[in-house]
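Report on one structure; see the data block that follows.
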Amino acid sequence: MPWEETHQARQERLLRQMHDNPRVAYMLQHGPVPHWVKVARQHREQKAREARQAATEARTEPEAQPVRTRGRHRAPRRWWGWPATALGATLLLGQTAMETLGASLAPDIGIPI
């Protein structure tokens with residue numbers, strides 16, 4: 001190769017060309033990015049890849065059985081509460097009606113009360 005430049009020379013040349021870029025300006029002002037920033041970015045990217053991979057595997061795997069929901073957290077009320085009240089009210093109304101009708105009809109028919 002007729003012209004080879006060192007890594008340092010190439011980096012300086014590229015930085016001069018990119019001085020308008022805000023990231024390059026920040027790096028020139030504050031220095032290069034610390035190593036932990038690169039490691040943190042790699043960890044975030046790896047977790048994102050794993051999440052995408054798990055999502056695609058979950059979509060491709062058939063479900064064994066659907067998961068049943070637990071339902072309400074407390075026991076349901078007894079079913080006989082309202083019907084028992086309605087039955088009792090009907091019997092009480094029938095008894096009251098018979099007493100009223102019996103008191104008014106008994107003297108006419110001749111049935112002693």
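The values are calculated or read from the model by the stated rules, or taken from the named source; none is laboratory data. Treat the numbers as computed from the prediction; the structure is a model and nothing was measured. A quick note on method: Cβ atoms are made from the backbone with ideal geometry, for glycine too, and the neighbour counts reach across all protein chains shown.
What the table shows:
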quantity: Evaluation of Leu15 against (1) at pLDDT below 80; (2) touching a helix residue (DSSP H, G or I) at 6+ places or on another chain (Cβ under 8 Å) (one fails), failing number; calculated: (1)
quantity: Among the residues listed as Ala58, Ala84, Ala89, the single one being part of a helix (DSSP H, G or I) and modelled with pLDDT of 90 or more; calculated: Ala89
quantity: Only one of Ala103, Ala64 that is over 30 Å from Gln11 (Cα atoms), at pLDDT below 75 and surrounded by 10 or more Cβ atoms within 10 Å (Cβ to Cβ); calculated: Ala103
quantity: Members of the range 26-53 found to be modelled with pLDDT under 90 and assigned to a helix (DSSP H, G or I), listed by number; calculated: Tyr26, Met27, Leu28, Gln29, His30, His35, Trp36, Val37, Lys38
quantity: Hits in the range 23-43 (condition: surrounded by 10 or more Cβ atoms within 10 Å (Cβ to Cβ) and under 19 Å from Gln8 (Cβ atoms)); calculated: Val24, Met27, Leu28, Val33
quantity: Filtered residue count, the range 1-23, keeping only those that are under 52 Å from the mean Cα position of the chain (by Cα) and acidic (Asp, Glu); calculated: 2
